[in-house]
Amino acid sequence: MNKTVQFIGVAILVVSMEIFLAGCSMQRQQKQETKRFADADIKYPFANNEAVYIENLDVEDATVVEQWSFDGTLQQSYELSEEASLLYVNDTELLYDYYDVNTDNSWIMQIPIRQTESEQKLLLDQEQKIMEITGDHCGYVDVGGEQWYPAFYANENYLVYLSEDALHVYDRKAQKELELSGDPLFAHSFTQSSATVLSNVCCDQIIFNTEPVGENEYGAPYGFSLYHLGEECVETIDERCYTTAAFLTDPWRDKVYYQIETDQSIWEYDCESGEKRELISHQAFQKCYQKQGLEWIPEEDNDSMFLEGDTLYIIKSKQETEKPQIFSYELKGKGILQYEEKLTKALQQCVCQGVDSGDFLDGYNYDHRIVILEGKLLYTLGWGAYYCIDLSTAESKKVTSQDAEKVYFALAGIWIEDDTEKDIEDVAGSKEQKTDVERAAQRQAEKKAQKAVAKLSVEEQLSQLSRKVMQYWNKTGDDGYYDDISYTVTDLDHNGVLELLISTRAQGSGRFTDTEVFRADTEGKAVRFDDGNIYDDIVDGIDTVYYDEDRDRYHYITYDSGGSVGCCEDALTLQDGEFQVENICGWYETVHHKSGKTKIIYYKMVNGEEQEIAEADYKLTQIIDAYFADGKKQKVKITWILYPGDRKDLTKQDVRQKLTKAYHRFMGR
């Protein structure tokens, strides 16, 4: 063969190989670029390296888990049991908590994940039980007042979870639970400030808050603790890091950063050496505050910390303020604390925009959550309001379900995929005044609807109402001062239609206000009725009811306290889905317009008019008994299930059990 021809052939082959290799390199590069979130399998409990998973709370009678791509596209929907709660996802498996209503047992279930070149798929036909959960269910914990995440961690060797305030470690290979020693005096809680599971996991170590219980509850030190996977002992890192202080793990450096609540300083703990040192002093914070003309509040709380590369972000947000401040600290270099003015302004503008646009509705819990991940600052306020701020440019964007940025919120575990916007419209519309004709038509429609609902079984109604409780909690969060959420189930008018009462705020006199009422529906979804609201201070403390047999009405005795300036005894009645409050008696303080002297007026209601009486005649039991002289007096038990004490580790199964007990107590069973 001619050498020239041979050379040309080789040259063509080389060029072809270069083009082929370049094409392969470009394909690899494009494939890598599509994987937007490095180490997502490690960082995020509901994500792996290909997709993020989220429960769709708007689906009734089942737990539906949706699989999203990292560009926010819905890829698959999987239906699990109604009594399932998503726990953890990695590249090889999805784990969830399953409650068996027949045996009253809970199990950790596993579904294998298969990954091909084109898709990722859950192998539902290979679902299996891994272990039975001892104690209470795995449940969810409130992560530093910011996010909701399972109190759960898994790898190929161990399962770690919290139940009944105890740390449980299950050896998957040995198929048994390890017996831990060294911490019988503490109750544990996964209460970190970050959005990722790495807040609690540093290499092979689990980091968590502890607090003394039992005989050691008072005066004993708190224990910010560390547990090495597979070992038998829990170690204390620092007794000064209380449960409300912020902390964050850094597995790439094998370190933990944590806050000393008393002076707001930030400390660093080296997991390998066990040494700790002050990273950012309270003087550094104070100096930075003064430089920016900000007020330094040493006792500031509700802080959070996030790590992006080599930058540690500290967000200081006192619970009763709407103006969070953002600071940054470079872990490499000189280590100078900086005030992030542009990011702070952008975040504060998002807060104002949310409030002004009506995303934060009056009468709703202030759902205030801040997360930093993947180069974004995420902020949520109210029901369905999501704001995304770019860390590099400080540009903000309001995110809707149509925007790809919603995947960031899904990674953080704070995206609610349901009819949130419709709920906002319904609530806003309920505040409008209705005419008498409209109200009469509404009562007739409600009366007809309740007759149909009364045919549903108690179990079906409780199932719908328990799902509503879980939905409600995922849309409301810790807003600082108004941190009470309480709920119960009743049948106030004894018509067979159960009422779910949810109180979102305790304020003023400390009694319940802004209470919403829900009932089951024949379409399988709990709905709000009576405009969704009860008047101030009329729900708590009810223990007596008078039954009017002629009118078939139940009058529940309660009171509205104005503190030191007055109080009134009322009767609460529910009829055809509408609440009515009838004043019986009370007292109030008046000031003479000339002398300025105060006087207390005591009164009772007679034929709809106030009749002043002497203080000696203000005997509540006698007045109320006389007011309902024709009624049958009975005792009643309304059992309120309170947050935060009962909310920490609840699942849907727990809620259903508690609602069932509350209903039976109300009915006197």
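The values are calculated or read from the model by the stated rules, or taken from the named source; none is laboratory data. Quick caveat, the model's predicted, so the values are computed rather than measured. Using ideal geometry, Cβ is built from the backbone for each residue, glycine included, and neighbour counts are taken over all protein chains shown. Side chains included, ligands, DNA and RNA excluded: accessible areas come from the protein's heavy atoms. Shrake-Rupley method; radii C 1.70, N 1.55, O 1.52, S 1.80 Å.
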Would you confirm whether or not the stretch 134-146 contains a residue that is modelled with pLDDT of 80 or more and in a strand (DSSP E or B)? no
Would you confirm, using the coordinates I've provided, whether residue 349 is modelled with pLDDT of 90 or more, in contact with a strand residue (DSSP E or B) (Cβ under 8 Å, 6 or more places away or on another chain) and surrounded by fewer than 20 Cβ atoms within 10 Å (Cβ to Cβ)? no
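Conditions (1) charged (D, E, K, R); (2) farther than 15 Å from residue 544 by Cα; (3) outside any strand (DSSP E or B), marked per residue:
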position: 601; (1), (2), (3): no, yes, no
position: 611; (1), (2), (3): no, yes, no
position: 616; (1), (2), (3): no, yes, yes
position: 622; (1), (2), (3): no, no, yes
position: 634; (1), (2), (3): no, no, no
position: 637; (1), (2), (3): yes, no, yes
Pairs, please: C-beta under 6 Å, at least 6 apart or cross-chain, first residue among the hydrophobic types (A, V, I, L, M, F, W, C) and in the stretch 303-318, second part of a loop (DSSP other than H, G, I, E, B) and modelled with pLDDT under 90? 305/193; 305/246; 306/194; 315/324
With respect to the numbered conditions (1) of a type outside the set (Gly, Ala, Ser); (2) open to solvent by less than 10 Å² (accessible area, probe 1.4 Å); (3) at pLDDT 90 or above, which one is the sole condition not fulfilled by residue 169? (3)
Among the candidates 599, 604, 652, residue that is over 27 Å from residue 460 (Cα atoms) and modelled with pLDDT under 90: 599
Based on what the data block shows, is residue 119 under 28 Å from the mean Cα position of the chain (by Cα), open to solvent by 50 Å² or more (accessible area, probe 1.4 Å) and touching a residue at least 12 places away in the same chain (Cβ under 8 Å)? no
Among (1) out of contact with any helix residue (DSSP H, G or I) (no Cβ under 7 Å at 6 or more places or on another chain); (2) crowded, with 20+ Cβ neighbours inside 10 Å; (3) modelled with pLDDT under 80, residue 416 falls short only on (1)
Residues being closer than 16 Å to residue 158 by Cβ and open to solvent by 20 Å² or more (accessible area, probe 1.4 Å): count how many of those fall in the stretch 97-115. 1
For the stretch 383-399, name all the residues that are in contact with a Gly (Cβ under 9 Å, 6 or more places away or on another chain) and of a type outside the set (A, V, I, L, M, F, W, C). 387, 390, 392, 398
Just checking, which of 94, 57 is open to solvent by less than 20 Å² (accessible area, probe 1.4 Å) and either touching a residue at least 40 places away in the same chain (Cβ under 8 Å) or in contact with a Lys or Arg (Cβ under 6 Å, 6 or more places away or on another chain) (or both)? 94
So for the stretch 112-129 (the condition being over 30 Å from residue 259 (Cα atoms), in contact with a helix residue (DSSP H, G or I) (Cβ under 6 Å, 6 or more places away or on another chain) and modelled with pLDDT of 75 or more), does at least one residue qualify? yes
Could you check, for the stretch 255-262, whether at least one of its residues is open to solvent by 20 Å² or more (accessible area, probe 1.4 Å) and modelled with pLDDT of 85 or more? yes
